[in-house]
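Step one of this worksheet: look at the structure below.
The values are calculated or read from the model by the stated rules, or taken from the named source; none is laboratory data. All values derive from a computational prediction rather than experimental measurement. Don't worry about glycine lacking a Cβ; one is built from the backbone with ideal geometry, like all the others, and counts go over all protein chains shown.
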Amino acid sequence: MEGLWDFLRSLHDAYGINLVHFYDAFERGRLLRGMWTTLKLAALCVVLSVLIGIIGAWLQGSRFRVLKALVQGYIQFFRNTPPLVQMYFFYFALGPQMPRVENEFGIAQPILGSFAWAVISLSFFAGAFNVEIFRSGVEAVQKSTVEAADALGFNRWQIYSLVVFPLAVRVCLPALNNNLVNLIKTTTQAYAIAVPETLYVASQIWSDRINVFEMMVTLLTFYLLIVGIFVWIMTRVERSLRVPGFGQ
Amino acid sequence: MAAAWTPDQPIVSIRAVHKSFGAIEVLKGVSFDVRKGEVVCIIGPSGSGKSTLLRCINALVPINSGSITVEGQEVHDPALDKLELRKKVGMVFQSYNLFPHKTALENVMMAPIHVLKRPKSEVEALARRLIKKVRLEGKEDAYPGELSGGQQQRVAIARSLAMHPDIMLFDEVTAALDPETVKEVLVTIRELAEEGMTCMLVTHEMGFAREVGDHIYFTDRGVIVEHGPPETFFKQASDPRTRAFLSQIL
Amino acid sequence: MSVPGNNAALKVMTAAPAQGESGFLASTFTPKALGIALGLFASVALAGEAWAQLTTGGERLGILATLWKWTPLILLGPPHEVGGFALNVLVSFLAMAIGTASGLFLGLGQISRIGPVRSVSWAVTQFFRNSPWLVLLFFVMLLTPFQINIAGLSVPLPGWFKATVGLALPVMANVAEIVRGAVNSIPSSQWESAESLAFSRLQTIWRIILPQCVKRMVPPWMNWYAILTMSTPLISIVGVNDAMTLTQDALAAEQRTELLMPMYGMLLLFFFVYCYPIARWTIWLERKYAVRI
């Protein structure tokens, strides 16, 4: 590794290309921690938003009109307001209302920090889109298939989990992947509430070291990489779920 | 609770059933009995209510008035355990309705495992036996998308049989098939009938009805116009509507 | 050999407008939509009001009065300049215009017959599609000069304009994808008949293919406008005086915790009232322009 760092240092001496965030241990550590935070944030949000989508789609099929109206209200609200403002609302407006606990220094701090609020806000945001996506997938399952399951004696939950959901997932996987990629990109907005994710840490580094352009290139490469890896994984998932004769 | 049912009583008893979808009345007072082991064929023009009637028998569709009892149990009793009813009454549909994401074997195994909670090994043995019975040995691991229409329909029959029903309902099961594959399905149903299964078929296959049926019912516009055993029904139909229908299709 | 017709996609595309849907206005300003908007605002304002009464004893201006006081600033910006929500809308229009124009050419570049043009267009599209919008915004804001010299005149580039360009970049990439998808969905028979009538490739594209594409491009294009509008608050992070910044300034000036929920709630309401009708309009257009096969 040392050889690589020396090479990068020489680039700076010769051409002025400042990649200090690689060869300086402190900056490198900051950057890697920021990237790790982004990965954690993205993973948690993806999982939670998918769960919210599944539950929301299930509730939308319920017989109670109040429940259906509540889910519709949730969807329309989160889909037609900016995710950044939602995040501010959660963190600055709702956050102070939460109870406070004492941290290890004996100072009272809110029970949920900026990372937690970012997860909550982004999960609800992406979850609203996921409910619509799962709902269209559920609607694409033929009524006759559901009727056959009903005739065999399956109860409503069994029909949903064993028949409808596996088929709906296969139909809506492309739209879902699209949405999750957007979610990963939207995690950068957590910058605004001081979550130490990659963009935030990068901005700290470029303020200290005045290497905005190099940081930008690194940042964009990083995000393109994680989006690319995610798309690759989801393509593999799509392929493994493929069933002959269905949806082709 | 219903009185204990004995096999000498009708296994399905339909009395004055009325069913409307919104403003359209589809069944206008249908009554008949089916005895155990009988093969009943229901024929008639489209829109006469045949498929609706079958769906009312296994409680897929509620009725507006009248009564349907299966083995002495009133089907449209709100306190009815639908699960118990579905164990007794199996249904096969026109559009096979196999689960596309499961293999043929898994399709047959799913209901006994999840609904009847039988152990997997026992169910797998049963499923393989049934697939062999419908002459699809070798196709256990094929997905529905890889099977022809007739093969899918036979898997659907095996799937319903896996629940060990007392009555099998067939809703125009050969209507979506081409003529060569129709035969293979009819052969399967005929074997079931010969083994003593009570069958109710909505069908257009007059030849099959004549050979295998014990009793034919002709419905038109929501009522049973005429019925009788095949020998008298096809040769000496008395009602003009029946004769008009028969002359069109025979 | 397949399961009887899994025609869900076909069904959606050929769906006629739902019964009773008279038109866009009637279907947008439904009681339900107005109910959601009012309910949102009312619940947040009432919660804040209740909290205020509990904590202050009421000698300061009530919540609703305070919101009313700040609304002109947040909607229109400081006097003598365009700011606030009006700036958000202006930025969204401009960014959409710039993005659409450039995206059109980028999309056509992707179907060019010249190999390098195709590859470069594809690369540019993928790059701007998959980059986070905020990073692109920072990129443009920090790395473009404060002013540029054209023919001896130094033209200052105001912050809001740079932010607009920053937002236009991902729009450009997504419009390029829409254009490419729409062009690819035109049956090849159209190209063949044009060719047999001796149209040049350029003429075919401009006179035959693109006019047919417009209808099917409108719903996804409007969808991206909605996404763009909801991304405009990002410009507050890079120092532009939009509705978000001004709301935060107002809260800083008032220094009252019970105002937090109502003021952020009001900002959410502004966006909701602007974006929800657009979303309904998009659905209405989608149904109207559904491709009938």
Query raised in the report: Conditions: (1) more than 19 Å from A:LEU152 (Cβ to Cβ); (2) assigned to a helix (DSSP H, G or I); (3) in contact with a Ser or Thr (Cβ under 9 Å, 6 or more places away or on another chain). B:ALA142 meets all but one. Number of the miss?
Result: (2)
Query raised in the report: Given (1) over 21 Å from A:ILE159 (Cβ atoms); (2) in contact with a Leu (Cβ under 8 Å, 6 or more places away or on another chain); (3) not in a helix (DSSP H, G or I), where does B:MET163 come up short, assuming only one miss?
Result: (1)
Query raised in the report: Restricting to the stretch B:97-123, what's the tally of residues that are farther than 23 Å from A:ASP150 by Cβ and crowded, with 18+ Cβ neighbours inside 10 Å?
Result: 0
Requested in this report: Can you tell me which residue within the stretch A:5-21, out of those that are of a type outside the set (S, T, N, Q) and in contact (Cβ under 8 Å) with a residue 60 or more places away in the chain, is farthest from A:TRP206 (Cα to Cα)?
Outcome: A:ILE17
Query raised in the report: If you go through the stretch B:1-20, how many residues are of a type outside the set (A, V, I, L, M) and without any contact (Cβ under 8 Å) to a residue 12 or more places away in the chain?
Result: 2
Query - Qualifying position, being at negative phi, buried (at least 22 other Cβ atoms within 10 Å of the Cβ) and among the β-branched types (Val, Ile, Thr), among C:ILE111, C:ILE74 - result: C:ILE74
Report summary line: Being away from chain A (no Cβ under 14 Å), among the basic types (Lys, Arg) and within 30 Å of C:SER185 (Cα to Cα) narrows C:ARG113, C:ARG129 down to just C:ARG113
Query raised in the report: For the stretch B:114-127, does any single residue satisfy the condition of being modelled with pLDDT under 90, within 27 Å of A:ARG242 (Cβ to Cβ) and not in a loop (DSSP other than H, G, I, E, B)?
Result: yes
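Among the residues that make up the stretch B:67-74, is at least one of them closer than 28 Å to B:VAL225 by Cα and either facing chain A (nearest Cβ under 10 Å) or of a type in the set (D, E, K, R) (or both)?
At the first step, the residues of the stretch B:67-74 found to be closer than 28 Å to B:VAL225 by Cα are B:67-74.
Then keep just the ones that are either facing chain A (nearest Cβ under 10 Å) or of a type in the set (D, E, K, R) (or both); that gives B:71, B:74.
Within the stretch B:67-74 (the criterion being closer than 28 Å to B:VAL225 by Cα and either facing chain A (nearest Cβ under 10 Å) or of a type in the set (D, E, K, R) (or both)), the answer is yes, since at least one residue qualifies.
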Report task. Scan B:HIS164, B:HIS204, B:HIS215 and give me the residue that is more than 27 Å from B:LYS28 (Cα to Cα), within 21 Å of the chain's Cα centre (by Cα) and either surrounded by fewer than 20 Cβ atoms within 10 Å (Cβ to Cβ) or in contact (Cβ under 8 Å) with a residue 60 or more places away in the chain (or both). Result -> B:HIS164
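Restricting the search to the stretch A:110-131, which residues are within 14 Å of chain C (Cβ to nearest Cβ) and either in a helix (DSSP H, G or I) or among the β-branched types (Val, Ile, Thr) (or both)?
Pass one, the stretch A:110-131, residues within 14 Å of chain C (Cβ to nearest Cβ): A:110, A:117-118, A:121-122, A:124-126, A:128-129.
Within the stretch A:110-131, A:TRP117, A:ALA118, A:SER121, A:LEU122, A:PHE124, A:PHE125, A:ALA126, A:ALA128, A:PHE129 meet the criteria.
Can C:MET244 be described as in contact with a Phe, Trp or Tyr (Cβ under 8 Å, 6 or more places away or on another chain), surrounded by fewer than 23 Cβ atoms within 10 Å (Cβ to Cβ) and within 11 Å of chain A (Cβ to nearest Cβ)? Talk me through it step by step, then tell me what you get.
Details: in contact with a Phe, Trp or Tyr (Cβ under 8 Å, 6 or more places away or on another chain): yes; surrounded by fewer than 23 Cβ atoms within 10 Å (Cβ to Cβ): no; within 11 Å of chain A (Cβ to nearest Cβ): yes.
So C:MET244 does not fit the description; no.
Let me confirm something: among C:ARG207, C:ARG256, C:ARG287, C:ARG201, which residue is within 14 Å of chain A (Cβ to nearest Cβ) and either at pLDDT 90 or above or more than 23 Å from A:ALA190 (Cβ to Cβ) (or both)? Outline the logic, then answer.
Numbers: C:ARG207 fails: within 14 Å of chain A (Cβ to nearest Cβ); C:ARG287 fails: within 14 Å of chain A (Cβ to nearest Cβ); C:ARG201 fails: within 14 Å of chain A (Cβ to nearest Cβ).
Residue meeting the stated conditions: C:ARG256.
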Query raised in the report: B:GLU226 passes all but one of (1) part of a strand (DSSP E or B); (2) under 17 Å from the mean Cα position of the chain (by Cα); (3) free of Cβ contacts under 8 Å to residues at least 24 places away in the same chain; which number fails?
Result: (2)
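Would you point out the residue of the stretch A:104-142, among those that are small (Gly, Ala, Ser) and under 18 Å from A:ARG79 (Cβ atoms), that is surrounded by the fewest Cβ atoms within 10 Å (Cβ to Cβ)?
Initial filter on the stretch A:104-142 (small (Gly, Ala, Ser)): A:106, A:108, A:113-114, A:116, A:118, A:121, A:123, A:126-128, A:136-137, A:140.
Among the residues that remain, those that are also under 18 Å from A:ARG79 (Cβ atoms) are: A:121, A:123, A:126-128, A:136-137.
Working: A:SER121: 26, A:SER123: 22, A:ALA126: 25, A:GLY127: 25, A:ALA128: 23, A:SER136: 17, A:GLY137: 23.
The selected residue is A:SER136.
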Report summary line: Within the stretch C:210-237, the residues that are facing chain A (nearest Cβ under 9 Å) and either assigned to a helix (DSSP H, G or I) or within 12 Å of the chain's Cα centre (by Cα) (or both) are C:ALA226, C:ILE227, C:THR229, C:MET230, C:SER231, C:THR232, C:PRO233, C:LEU234, C:SER236
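Name the residue, out of B:VAL30, B:VAL39, that is closer than 21 Å to B:ARG190 by Cα and within 19 Å of the chain's Cα centre (by Cα). Steps first, answer last, please.
Details: B:VAL30 fails: closer than 21 Å to B:ARG190 by Cα.
Going through B:VAL30, B:VAL39 in turn, the sole match is B:VAL39.
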Query raised in the report: For residues in the stretch C:132-161 being more than 14 Å from chain A (Cβ to nearest Cβ) and assigned to a helix (DSSP H, G or I), which is modelled with the lowest pLDDT?
Result: C:GLY159
Query raised in the report: When A:PRO244 is evaluated against the numbered criteria (1) assigned to a loop (DSSP other than H, G, I, E, B); (2) surrounded by fewer than 17 Cβ atoms within 10 Å (Cβ to Cβ); (3) more than 8 Å from every other protein chain (Cβ to nearest Cβ), which criterion, by number, is the only one it fails?
Result: (3)
Query - Hey, A:VAL164 within 14 Å of chain C (Cβ to nearest Cβ) and of a type in the set (A, V, I, L, M) or not - result: yes
Report task. State whether the residues of the stretch A:143-151 include one that is without any contact (Cβ under 8 Å) to a residue 60 or more places away in the chain, more than 9 Å from chain B (Cβ to nearest Cβ) and surrounded by 19 or more Cβ atoms within 10 Å (Cβ to Cβ). Result -> no
Query - Top-ranked residue in the stretch A:132-142 [being over 20 Å from the mean Cα position of the chain (by Cα) and of a type outside the set (S, T, N, Q); ranked as farthest from the other protein chains (Cβ to nearest Cβ)] - result: A:VAL138
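When the stretch A:189-232 is examined, which residues are found to be β-branched (Val, Ile, Thr) and either within 15 Å of A:LEU39 (Cβ to Cβ) or more than 9 Å from chain C (Cβ to nearest Cβ) (or both)? So that I can check it myself, show each step before the final result.
Kept after step one, since they are β-branched (Val, Ile, Thr), are these residues of the stretch A:189-232: A:193, A:195, A:198, A:201, A:205, A:210, A:212, A:217-218, A:221, A:226-227, A:229, A:231.
A:ILE193, A:VAL195, A:THR198, A:VAL201, A:ILE205, A:ILE210, A:VAL217, A:THR218, A:THR221, A:ILE226, A:VAL227, A:ILE229 - these are the residues of the stretch A:189-232 that are β-branched (Val, Ile, Thr) and either within 15 Å of A:LEU39 (Cβ to Cβ) or more than 9 Å from chain C (Cβ to nearest Cβ) (or both).
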Report summary line: Residues in the stretch B:233-243 that are farther than 18 Å from B:LEU27 by Cβ and surrounded by 13 or more Cβ atoms within 10 Å (Cβ to Cβ) total 5
Report task. Considering only residues that are hydroxyl-bearing (Ser, Thr, Tyr) and under 13 Å from B:VAL202 (Cα atoms), look in the stretch B:13-66 and name the one that is nearest to the other protein chains (Cβ to nearest Cβ). Result -> B:SER51
Report summary line: Given the conditions (1) at pLDDT below 90; (2) surrounded by 21 or more Cβ atoms within 10 Å (Cβ to Cβ), every one holds for B:ILE157 apart from (1)
Requested in this report: Could you check C:VAL240 against (1) under 27 Å from the mean Cα position of the chain (by Cα); (2) farther than 28 Å from C:TRP160 by Cβ; (3) of a type in the set (A, V, I, L, M); (4) in a loop (DSSP other than H, G, I, E, B) and say which number it fails?
Outcome: (2)
**Report entry** Residue that is modelled with the lowest pLDDT [pool: residues in the stretch C:114-131 that are polar (S, T, N, Q), in a helix (DSSP H, G or I) and buried (at least 20 other Cβ atoms within 10 Å of the Cβ)]
**Finding:** C:ASN130
